[in-house]
Amino acid sequence: MAIVGLSQFKYTTDWSFETSAERDYSFVGTVAIGKLVLQNSKNDEIRLNYRCVSLGVSKGLPVGYSESQFSDDSHGVGPVYSNKYFDDLCFPCRGWIIAAGGTMGVFQADNSPNGEVANIVYFGFWPFAGLRCYGVYRGTTPGGGVSGGPASFSIDDD
């Protein structure tokens, strides 16, 4: 598994990142709970729940909370890359999330985002697919850093 990038995957798929929403709770490490929305050219959607526990290096307070919403600005960088078939039949699965981001940590009066993050998401404990995405969020404490850890992904039944 390449630590950064998606060069180990052989194929591009018809799927791409559409949007996401997440809540992070930090106390030295971070627990992230969120949803990813993937879409293909036929406008089919895969809505995934995920949970990730990560560790990393950062500057800032050791305690914090952050969140993003589906309506916040977020984008994928390229399609979902894969080594085999990729569709909703691939889930549930384990995987990895690597993130780098930062925030000023001051909530705005209009509740607008105050931080930015870039992610690499790997599906599969031995990754069979991956994607890159970035977006904005709201953070309670100032800081920035890089982290990564194991994640679990499942189809969102809501």
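Since every read-out is calculated from the coordinates, none of them should be taken as a lab result. Quick caveat: nothing in here was measured; it's all calculated off a predicted structure. All Cβ positions, even for glycine, are placed from backbone atoms using ideal geometry, and neighbour counts span all protein chains on display.
Tell me, what is the percent relative contact order of the chain, built from C-alpha pairs under 8 Å that lie six or more residues apart?
Relative contact order of the chain: 29 percent.
Starting with the fewest neighbours, write out 38, 61 ranked by other beta-carbon atoms found within 10 Å of each beta-carbon.
Going from least to most buried by this count: 61, 38.
Lysines within cross-link reach of residue 84: Cα-Cα under 22 Å, excluding same-chain residues under 8 positions apart?
Filter leaves 10, 42.
Name the residues of region 139-158 whose amide N is less than 20 Å from a point 7 angstrom out from the Cα of residue 53 along the C-beta direction?
Only 146-154 fall inside the zone, counting backbone N under 20 Å.
Just checking my list (1) 15.8; (2) 18.0; (3) 20.0 against Kirkwood radius over Cα pairs in Å computed from this structure; which label fits?
(1)
Specify the longest stretch of the chain that does not include any exposed loop site, a site being one of the trypsin sites (Lys or Arg not before Pro) with a non-H, G, I, E, B DSSP assignment and at most 14 other Cβ atoms within 10 Å.
It works out to 85-158.
Taking loop as defined by DSSP and a crowding limit of 15 other beta carbons within 10 Å, which chymotrypsin sites (Phe, Trp or Tyr not before Pro) in region 1-80 fit?
Passing sites in region 1-80 are 70.
Where does each of 52, 133, 93 land when they are ranked from fewest to most other beta-carbon atoms within 10 angstrom? Write out the running numbers ahead of the final one.
Details: 52 25, 133 21, 93 17.
Lowest to highest Cβ neighbour count: 93, 133, 52.
Kindly state, to the nearest 0.05, the FRET efficiency for residue 42 paired with residue 111, given R0 = 25 Å and r defined as their beta-carbon distance.
Plugging the Cβ-Cβ distance into 1/(1 + (r/R0)^6) gives 0.10.
Grab the Cα-Cα distance for residue 63 and residue 126, subtract it from 0.36 nm times how many residues apart they are, and report the gain in nm with one decimal. Provide the component values of the computation, followed by the final result.
Details: separation 63, 0.36 × 63 = 22.68 nm, distance 3.12 nm.
The span from residue 63 to residue 126 would gain 19.6 nm if fully extended.
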